[in-house]
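The values are calculated or read from the model by the stated rules, or taken from the named source; none is laboratory data. If you're wondering where the values come from, they're calculated on a predicted model, not measured in any experiment. When we count neighbours, we look across all protein chains shown, and the Cβ atoms used for this are built from the backbone with ideal geometry, even at glycine.
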Amino acid sequence: MKKKAIATLMAVGMAASLFAGCGGSETSSAGTAGTADTAASAASETDAPLEGEITFWHSFTQGARMDAIQKAADAFMQENPGVKINIETYSWGDFNTKWNAGITTGDLPDISTAQGTGEVVEMINAGVINPVDDIVDEIGRDRFSTNALADMTMDGAVYGIPYYSHAQVMWYRTDLLEQAGLEIPQTWDEFYDAAVALTKDGTYGAAFSCSPNDLLCSRYLNYYVVSAGGSLLNDDLTANLTSPEAIDGINFWVNVYKNCSPAETINYTVNDHATLFYQGTTAFDFNSGFMISGVQSNTPEIAEYVRCAPLPRMNADDPVYSAESSHIPLVEWSNTEHPEICKAFIEYLYQDDNYIEFIHAVPVGMLPALSDIATNEAYLNDPTIQEYADCVDVIQEAVDNGHAIGFEHGPTPQASYLTSQGVIEEMFQDIITNGTDVESAAKAAEDRLNEIFDTMIA
């Protein structure tokens, strides 16, 4: 792939990643964390202690995750007194803007998280991150999902290390379905009918949100299109919003907004949207396992009634599918002067005790990216994971079988820009607010995306 500096037309970071292992033995032959001091081993390779200062950017602004990262950094620095790790935290909405500005200003970290696999592709295209195959191999390549590594592999090199995984599934309220005498929807028609039926007495069946600063419209449209056997990208990597599947999907979600959703969600971001379910306002939502912690924090009295199921299908006898999974990665930036420290610290984060403490910061919301951790007794010995074991199974199946949006064609810049530019969201706003007919709005959005692809990709 040709690499180029990304133009100023970059979207704000998508919160989708806020929301996205297989079974295996409890230990691994390569890189099993907790069995050795990886920092010390890295230092011994050069027969000298680690010395230097690095900066780590992440977007874990919530307390437990932020605390786990800081605790690991403090412990690493105590074991390596010649090392200083500066940790800077940015919201999901600010992160994309921050690193793109840093390409010009030089204000870039040594290591960071990324907002999903799509952003890793943007970083590769910009030529600002290093391959990390050596780190992956040290941790244990066979411990990671094949799909997770594939989504961050370009020209045979891995550029992102999966830190945790999640996938989009359908969340529902068992109590509301039972009261209405409704079954768990298996098809989109069943979902729509149930959502309409449950829109009463201050409760809405579902929400459809259209903020251009998020990717919810892209996400929801993708669910529908993928379930119909289509894709939002053609085989030649041009945008595909005018296929019969896409047009049907646009009409479907416009009807959901008009008949089942609060009117104000036209401008909602993903956090606003999710809060409706957290607080018991909506009966259905499509999200990852982060829904559990959100409900527990907002309305714990309904937590026992919250469960998830696979995404609806076109027909009840269609196979279960995954329309979107995500593997939130760690990346090493090309500007670093201390790759040896970056390597040692990243490996340290994957040591069993450190890694499990981080994953337990949002149980069910963050699934282990390491297969052996998913079966580790210390990981499984968490009350929330035990209570929602059925939900973990549903999400894990979606993780194992899915890719990021558009990545069914492989990790391409087009897939990233498909969801990062707010074009699909603005299309829905145009249809809903201005009454533009669906076919015209879809064609205009499709053309705009293809123009962006041509401009942004060398």
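Within the set ILE328, ILE385, ILE346, the sole residue that is modelled with pLDDT of 95 or more, among the aliphatic types (A, V, I, L, M), within 19 Å of HIS58 (Cβ to Cβ) and outside any loop (DSSP other than H, G, I, E, B) turns out to be ILE346.
Can you tell me which residue in segment 426-458 is modelled with the lowest pLDDT, limited to those that are out of contact with any Ser or Thr (no Cβ under 8 Å at 6 or more places or on another chain) and among the acidic types (Asp, Glu)? The extreme case among them is ASP454. Against the conditions (1) outside the structural domain of ASP67 (by TED's automatic domain parsing); (2) crowded, with 20+ Cβ neighbours inside 10 Å; (3) farther than 26 Å from CYS260 by Cα, PRO368 satisfies every one except (1). On the stretch given as segment 76-131, residues that are under 18 Å from the mean Cα position of the chain (by Cα), under 24 Å from GLU53 (Cβ atoms) and assigned to a loop (DSSP other than H, G, I, E, B) total 2. Tallying residues that are buried (at least 18 other Cβ atoms within 10 Å of the Cβ) and either at pLDDT 95 or above or part of a helix (DSSP H, G or I) (or both) within segment 392-425 yields 19.
If you scan segment 278-301, which residues turn out to be crowded, with 18+ Cβ neighbours inside 10 Å and farther than 20 Å from VAL394 by Cα? Result: GLY280, THR282. What do you reckon, is ALA263 closer than 17 Å to LEU311 by Cα and surrounded by fewer than 21 Cβ atoms within 10 Å (Cβ to Cβ)? It is false that ALA263 is closer than 17 Å to LEU311 by Cα and surrounded by fewer than 21 Cβ atoms within 10 Å (Cβ to Cβ). Residue pairs whose Cβ atoms lie under 6 Å apart, sitting 6 or more positions apart in sequence or on different chains, and linking a residue in segment 258-284 that is assigned by TED's automatic domain parsing to the domain that holds ASN434 and of a type outside the set (A, V, I, L, M) to a partner that is assigned to a helix (DSSP H, G or I) and surrounded by fewer than 19 Cβ atoms within 10 Å (Cβ to Cβ), are ASN259/VAL196; CYS260/VAL196; TYR278/ASN298; GLN279/ASN298; GLY280/ILE302. Is there a residue being surrounded by 19 or more Cβ atoms within 10 Å (Cβ to Cβ) and within 17 Å of LEU330 (Cα to Cα) anywhere in segment 184-195? There is no residue in segment 184-195 that is surrounded by 19 or more Cβ atoms within 10 Å (Cβ to Cβ) and within 17 Å of LEU330 (Cα to Cα).
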